[in-house]
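Let me begin by presenting the structure, written as structure tokens, before commenting on it.
The values are calculated or read from the model by the stated rules, or taken from the named source; none is laboratory data. Not measured: the values here are computed from a predicted model. Neighbour counts run over all protein chains shown; Cβ positions are idealised from the backbone, glycine included.
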Amino acid sequence: MPKLWKLLQAFHNDASKDECVQALTTASSNLQRGYSTEEQLKLAKNILQSRSKEEKEVVIDVCEDYDSGEDRKKESNASNGKASNTSDVKVSDADKVNPKRPLPPVYPISEGEEVKVQGSSSTYTVKHVRGVVFSCNCPSWRFQKGAGEVRTCKHIVEVLGVKVDAERMRSVTRQQALDFSPSSKKAKIAATTTTSSASPPAGGTAPDVAALHSLAHSYKGTQDVAGWVVSEKLDGMRAILVNGTAYSRAGNVIRAPPQFFSGVPPAAILDGELWLGRGKFQDTVSITKSHGAPMSEWSKVKFVCFDAPAIPGGINERLDYAREATTNAPHCEVVETETLPVTGVQEEIDRRMALMKAAGAEGLMLRHPTNSFKPKRTHDLLKVKHVSSADAIVVGYEGGKGRNSGCIGALVVELLSDRSKTFKVGGGMNDKEREIERYENEYKGRTVEVKYNELTKGGIPRFPIYMRTKPDF
């Protein structure tokens, strides 16, 4: 790379030849396959720039006027004092950077390098395998369901930092969306057709679904959500559409008929819900989890999209993209949204929740209007749900597994109002409440209060949560 290092040195007078060559080598190792010369130069510039404690934004177009024949820089060479003309180094139009393809960050450890990270109980090894691929020997990284080779864990986040790791995970899927950019989406939609959703993408490697969907925190009435985007919380089955294949949150393929997602461009990455209607969660699951369910059954279901994770911008920009992507897809639509007022927010949420309850809806979803997509659980996404409670009699318990081994995994209870309704409740119990010794002394035959969102068709609380053991008078 003799010409490239001279060209790079033209922008950094104090950089030696060895520093320039090293920066170019580091840039090459961090860029994905098929990078252009300008991308390599631009990233190498930023690597050299980072040597200084001053944070400066480098906004030099390294392609500008390279073909003009002008001498961009006289080489600093104390040994011979000769001038070096770099005007013969040209960057072709084909190598000019795609402005929609952002450069990856410079990682703190080089390819092949390992670092030790102290966990809560053990020391783990984080390794930079290559490019955007990092590994860790912790159980969380090794046993992620449905994850490809690009995955993350809290130890990798500790090494790279939250922002850099989030950008790394998003970069894996961002390129898939570039062919469906807002500037040319109508032409792309008209020219593309979807692939079958009955099997994983070519090559058999499933996408990192964890990086393609957000999870909500609960709205507690204290968060400032003035001006946020509000929509109905759909009671369906989560589905993330990538390359025409739908995946569950756990990364498992949802085997929909090939024609179900017809009309959606293959490059579109959409997050949404397979939804049959209010109060029809069990019917939805029955259809979507049934292998070989015919299209006559699937046609009752809608894929309701509520995010487009690979698209930059706020939720409104991402939903605009989703509307264009589903225009020609008869079984897909985009969730209806409105904007919360700036004043009287809580009153408006209460009013909407009353309407949702009367209509049999599960609740509301609140989304930050301008923040970009964030994977995993985020405070930019809040859920507002109806909560009911019921009393139940403890008649037994189920042993715990994993970290709860040797403890109470769940209490077996019967509804106080109808003792024929038996179910298990384990969520909401802390370690102390799970102690086996407590069963005979505090739980057996006693009344406990559980909270839940709704009842199943059989009248059983769905997703019950233990709240407390009631006093025995």
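Data table
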quantity	calculated
Flag for Ala211 being closer than 22 Å to His379 by Cα, surrounded by 21 or more Cβ atoms within 10 Å (Cβ to Cβ) and either touching a residue at least 12 places away in the same chain (Cβ under 8 Å) or not charged (D, E, K, R) (or both)	yes
Enumerated strands (runs of 3 or more DSSP E) restricted to region 340-412, each holding at least 1 residues that are surrounded by fewer than 17 Cβ atoms within 10 Å (Cβ to Cβ) and free of Cβ contacts under 8 Å to residues at least 60 places away in the same chain	388-399
Failed criterion for Gly458 (all others in (1) exposed (fewer than 13 other Cβ atoms within 10 Å of the Cβ); (2) modelled with pLDDT of 90 or more hold)	(2)
Residue, modelled with the highest pLDDT, within region 190-237, restricted to residues that are of a type in the set (S, T, N, Q), in contact with a strand residue (DSSP E or B) (Cβ under 8 Å, 6 or more places away or on another chain) and part of a loop (DSSP other than H, G, I, E, B)	Gln223
Tally, over region 119-136, of residues that are over 14 Å from Asp165 (Cα atoms) and either among the aromatic types (Phe, Trp, Tyr) or in contact with a helix residue (DSSP H, G or I) (Cβ under 9 Å, 6 or more places away or on another chain) (or both)	4
Every residue from region 120-139 that is in contact with a strand residue (DSSP E or B) (Cβ under 7 Å, 6 or more places away or on another chain), outside any strand (DSSP E or B) and either over 18 Å from Asp208 (Cβ atoms) or in contact (Cβ under 8 Å) with a residue 40 or more places away in the chain (or both)	Asn137
Output for region 243-287, where each listed residue is under 19 Å from Gly363 (Cα atoms) and crowded, with 17+ Cβ neighbours inside 10 Å	Asp271, Gly272, Glu273, Leu274, Trp275, Leu276, Lys280, Phe281, Thr284
Helices (runs of 4 or more DSSP H) within region 264-332 that include 2 or more residues assigned by TED's automatic domain parsing to the domain that holds Phe373, among the hydroxyl-bearing types (Ser, Thr, Tyr) and out of contact with any Gly (no Cβ under 6 Å at 6 or more places or on another chain)	281-288
Every residue from region 350-384 that is of a type in the set (D, E, K, R) and under 20 Å from Asp165 (Cβ atoms)	Lys374, Lys376, Arg377, Asp380
Scan of region 436-447 for residues that are outside any helix (DSSP H, G or I) and exposed (fewer than 15 other Cβ atoms within 10 Å of the Cβ), ordered by number	Ile436, Lys444, Gly445
Residue in region 411-431 that is within 30 Å of Val225 (Cα to Cα) and in contact with a Pro (Cβ under 6 Å, 6 or more places away or on another chain) present	no
Test for Val117: is it modelled with pLDDT of 85 or more and assigned to a strand (DSSP E or B)	yes
Number of the exception - Gly81 against (1) assigned to a loop (DSSP other than H, G, I, E, B); (2) at pLDDT 50 or above; (3) surrounded by fewer than 15 Cβ atoms within 10 Å (Cβ to Cβ)	(2)
Test: Thr447 is closer than 15 Å to Pro464 by Cβ and either within 26 Å of the chain's Cα centre (by Cα) or β-branched (Val, Ile, Thr) (or both)	yes
Residue match in region 288-303 (condition: buried (at least 17 other Cβ atoms within 10 Å of the Cβ), under 27 Å from the mean Cα position of the chain (by Cα) and modelled with pLDDT under 90)	yes
